[in-house]
1. Under 15 Å from a label point 7 Å along Cα→Cβ of LEU105: give me every residue in the stretch 61-77 with its amide N that close.
2. Could you work out how far helix 15-27 tilts from the main Cα principal axis of the chain, as a 0 to 90 degree angle to the nearest 10?
3. How large is ³J(HN,Hα) for each residue in the stretch 80-93, as worked out from phi by the Karplus curve 6.51 cos²θ - 1.76 cosθ + 1.60 (θ = phi - 60°), to whole Hz, x for Gly and Pro?
4. Can you give the calculated 222 nm mean residue ellipticity of the chain, where each DSSP H run of n ≥ 4 adds -39,500 (n - 2.57) and the sum is split over every residue, rounded to the nearest 500 deg cm²/dmol?
5. Quick one: which of 84-95, 16-27 comes out on top by average Cβ neighbours within 10 Å, and what's the full order, highest first?
6. Karplus couplings for the stretch 28-34 from phi (6.51 cos²θ - 1.76 cosθ + 1.60, θ = phi - 60°), rounded to Hz, Gly and Pro as x?
7. Just need the relative contact order of the stretch 3-149 here, percent rounded to a whole number, with Cα pairs under 8 Å and 6+ apart.
8. Past 25 Å, Cα to Cα: identify those pairs from LYS5/LYS30; LYS130/LYS179; LYS30/LYS130, in the order given.
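The values are calculated or read from the model by the stated rules, or taken from the named source; none is laboratory data. Note that the structure is a prediction, hence the values are computed from the model and not measured. All Cβ positions, even for glycine, are placed from backbone atoms using ideal geometry, and neighbour counts span all protein chains on display. Surface areas here come from the heavy atoms of the whole protein model, side chains and all, with no ligands, DNA or RNA. Shrake-Rupley method; radii C 1.70, N 1.55, O 1.52, S 1.80 Å.
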Amino acid sequence: MARVKYLDSEDMKTPEAQAAWHRLETERPKPIGAVFRLTAHSPQVLAASLTYGQALRADTVINDKLRELAILTVAHATGVEYAIAHHAGPAVLHGATEEQIASILDFETSEAFDDRERAVIRLAYESTVKVHVSQETWNAAAEFLSERELVELVLNIAYYNNGARIMAALDVELEEPYKLDPVGQFLKDIKGRKAKS
């Protein structure tokens, strides 16, 4: 059970809280995800986080598949089931295979990854587990990515490390549809969003 109360629209009493909730309803899949219902306790920070997260997805040039592999690396390295389940679908949507998703932490030996993917995953793993990234690891990623892409990779890794720690500390619960079929539920959410737009 989560460590604070899950909030809903009727709990949003101030104009700032109502504005943040409105953004959730218009920008994120419905029903509103559990992690957002917990972070809504701090509506201004939630709104800023939505802006930052949207920028990381929409206003960057880094390859979508590489970004999602890095995010899944953070999720697996921190052991946060919620993040793993919620990013399996986006990873598949952007070209990751189920074998890649299942073998993220075996990236050094798995034949599911090419050298570029392995370099990105290694950087994400070191940044998450060790904090400091070795020069060797950095150089390996720099062989494939521009400086802008490297910075955007680091920003994504940091953002999702932040998210993983929030999810773990608040003990956010994974929604039932994502427990049963995370990829299928994500694709269903995407289809629902496109139908409404």
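1. What the label zone holds, given the 15 Å backbone N cut-off, is 72-77.
2. Tilt relative to the chain: about 60 degrees.
3. Listing the rounded values in order: 9, 4, 4, 5, 4, 5, 7, 10, 5, x, x, 5, 5, 4 Hz.
4. -21500 deg cm²/dmol
5. So the order, starting with the most tightly packed, is 84-95, 16-27.
6. Rounded to whole hertz, the list is 10, x, 9, x, 4, x, 4.
7. Working: 117 pairs, mean separation 27.4, N = 147.
That works out to 19 percent.
8. Details: LYS5/LYS30 19 Å; LYS130/LYS179 30 Å; LYS30/LYS130 36 Å.
In this structure, LYS130/LYS179; LYS30/LYS130 exceed 25 Å between Cα atoms.
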